[in-house]
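Below is one structure, written out as C-alpha cells; comments come after it.
The values are calculated or read from the model by the stated rules, or taken from the named source; none is laboratory data. Bear in mind the structure is a predicted one, so any value in this text is a computation, not a measurement. Here the Cβ positions follow ideal geometry from the backbone for every residue, glycine too, while neighbour counts run over all protein chains shown.
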Amino acid sequence: MKAILMEMKTRQTYLAGQKIDTIYFGGGTPSLLKADEINRLIDAVYDLFEVNDGVEITLEANPDDLLKDGLQNIRATPVNRLSIGIQSFRDEDLKWMNRAHRSVDADYAVKGAQDMGIENITVDLIYAIPGLSMLDWQRNVQRVIDMNVPHVSAYCLTIEDRTAFGNWYKKGQLVPAPDEMAGEHFLFLVERLKEAEIFLYEVSNFSKKGFESKHNSAYWEGAHYLGLGPSAHSYNGDSRSWNVANNSRYMKGIFTHEEVSETEQLDLRTRYNEWIMTGLRRAKGISIEMAHSTFGVDLLTQFEQDLQAYLEQGDAVVENGFLKLSTRGFLIADRIASDLFILES
C-alpha cells in the first residue's frame, strides 16, 4: 500500500493532465484489500488527478473473497463495478484449476452483490478446459444467463510456460482440448449470449447494451493509462513501460527512489501493429480511413491479396468504411492480424 501510494505521487504527471475516466483494481487478488485500504487508494487518485464524474471503478474479486463480510467490505467503498472470477460452475473443473471456491460460492457471490444493489457485474468463464464437454459448456453458459449479469468475459484456456499447466503439459499429464472443440465452445457462446441480448463487442467480452467495460474498451481504443504496482503496465501514446514483477524488488526500489520499470519507445510501425491487433479483436473493427490518415497505410491496396482471401471465405467484411471480422473470423483473429502487420520500418 505504501509503495503504491508513493509511486502514484511520483507519477502524477504521467498522463499529462488528462482526466481519469476509469479506475481498475486488477491483477493478483485485490478483493483481499479492506474497505479502508481501497478507500485510501481511491482518495489518493482524487487528490492527485482530475477525475471525471461518473467514473467507472472496477474491482476484481474471487467468489470466495465475497463470502461472509466481503460484500459489505466492498459496499463501504465507491467501487461500482465487480469483476467476479467464476471460471466454471463444475466443481471438478475448479478443483483441477486449483481454485479456492466452489460452484455454490459463485452463486452466492453474484446474488449477494445484486441484493446489495451492485448492478454492474461481470463474470469470467473459461472454455476448452480438458474434460469439459459441449453439454457441460452449454450448462455453464446458461447458468451465467440465468444469473442476469450484464457482462461476461470468456477466455480459451491457454497453456503457458513456467506455470503449473505448462509443467503438466511437458510431463504429458495434461492434454489440451482440440482446437475444434474450442471453436465449437466459442461459436455456441456467441450465439447463445446473443439470444439473451448479451452481445460480443470484443473477442472475449460480451455485454448488454450500455454495460460495455469502459476501462478495457479504453485499452483497445488506444487511450493512455497509468499502471501502479508490481507488474503494472503504462502507456502514454509514445512509449510503454512496465514495473518489475517481484514484490520485494518493487517495494525496495520505490522506497529507495530507484527505477522500478522498463520503458520501450514505440515507433510508428509498432503502434500500427498494436492498433491492428487490438482493433480487429473488437466487433466494430478498424477504420480504413484511420489506417491511412494516422499510419499512412492503405489497407485495401497494400494487403489486397491477404484480405481478399479472408473476405471471400467470409472471415472478414468491409462495411461502412470499417474492416471487421465475422464470428468465425474471430476464431483466427490473431492470424488475420499478423497478415496485416508491417514487419519492417
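If you take the residues of the range 231-248 that are in a loop (DSSP other than H, G, I, E, B) and touching a residue at least 40 places away in the same chain (Cβ under 8 Å), which of them is farthest from V79 (Cα to Cα)?
If we take residues in the range 231-248 being in a loop (DSSP other than H, G, I, E, B) and touching a residue at least 40 places away in the same chain (Cβ under 8 Å), then N236 is farthest from V79 (Cα to Cα).
Just for the range 22-32: of the residues that are surrounded by fewer than 20 Cβ atoms within 10 Å (Cβ to Cβ) and not polar (S, T, N, Q), which one is modelled with the highest pLDDT?
G26
Considering only the range 189-221, state which residues are in contact with a helix residue (DSSP H, G or I) (Cβ under 9 Å, 6 or more places away or on another chain), assigned to a helix (DSSP H, G or I) and within 24 Å of A337 (Cβ to Cβ).
L189, V190, L193, Y219, W220
Select from the range 90-118 the residues that are assigned to a loop (DSSP other than H, G, I, E, B), of a type outside the set (G, A, S) and within 19 Å of A76 (Cα to Cα) and write down the one among them that is nearest to the chain's Cα centre (by Cα).
I118
Taking the conditions exactly as written (at pLDDT 95 or above and touching a helix residue (DSSP H, G or I) at 6+ places or on another chain (Cβ under 7 Å)), does D306 satisfy them or not?
Considered against the rule, which asks whether it is at pLDDT 95 or above and touching a helix residue (DSSP H, G or I) at 6+ places or on another chain (Cβ under 7 Å), D306 comes out as no.
Scan the range 11-32 and tell me whether some residue there is in the same structural domain as H215 (by TED's automatic domain parsing), over 19 Å from Y235 (Cβ atoms), within 21 Å of the chain's Cα centre (by Cα) and aliphatic (A, V, I, L, M).
Checked against the condition, which is being in the same structural domain as H215 (by TED's automatic domain parsing), over 19 Å from Y235 (Cβ atoms), within 21 Å of the chain's Cα centre (by Cα) and aliphatic (A, V, I, L, M), the range 11-32 yields at least one hit.
Being among the β-branched types (V, I, T) and in contact (Cβ under 8 Å) with a residue 24 or more places away in the chain is the filter here, so list the residues in the range 145-186 that pass it.
Selection gives I145, V149, V152, V175.
For residues in the range 276-303 being small (G, A, S) and buried (at least 18 other Cβ atoms within 10 Å of the Cβ), which is farthest from the chain's Cα centre (by Cα)?
A291
Just a yes or no: is a residue in the range 136-154 modelled with pLDDT of 90 or more, touching a helix residue (DSSP H, G or I) at 6+ places or on another chain (Cβ under 7 Å), closer than 24 Å to T58 by Cβ and assigned to a strand (DSSP E or B)?
Yes: the range 136-154 contains one or more residues that are modelled with pLDDT of 90 or more, touching a helix residue (DSSP H, G or I) at 6+ places or on another chain (Cβ under 7 Å), closer than 24 Å to T58 by Cβ and assigned to a strand (DSSP E or B).
Looking at (1) small (G, A, S); (2) over 21 Å from P30 (Cβ atoms); (3) crowded, with 19+ Cβ neighbours inside 10 Å, find the lone condition where S103 falls short.
(3)
Which condition number does D65 fail, the rest of (1) part of a helix (DSSP H, G or I); (2) at pLDDT 95 or above; (3) within 18 Å of L32 (Cβ to Cβ) being met?
It is condition (2) that D65 fails.
Suppose the filter is in contact with a helix residue (DSSP H, G or I) (Cβ under 8 Å, 6 or more places away or on another chain) and not hydroxyl-bearing (S, T, Y); does V104 pass it?
No; evaluated as a whole, the condition is false for this residue.
Might you check whether a residue that is closer than 28 Å to N80 by Cα, touching a strand residue (DSSP E or B) at 6+ places or on another chain (Cβ under 9 Å) and surrounded by 19 or more Cβ atoms within 10 Å (Cβ to Cβ) occurs anywhere in the range 253-275?
no
Could you give me the residue pairs with C-beta distances under 7 Å whose first residue belongs to the range 314-337 and is at positive phi, whose second residue is surrounded by fewer than 20 Cβ atoms within 10 Å (Cβ to Cβ) and polar (S, T, N, Q) wherever it lies, and which are 6+ apart or on separate chains?
G314/S326; G321/S287
Determine whether the range 199-215 contains at least one residue that is among the basic types (K, R), assigned by TED's automatic domain parsing to the domain that holds G54 and farther than 23 Å from T13 by Cα.
Scanning the range 199-215, I find at least one residue that is among the basic types (K, R), assigned by TED's automatic domain parsing to the domain that holds G54 and farther than 23 Å from T13 by Cα, so the answer is yes.
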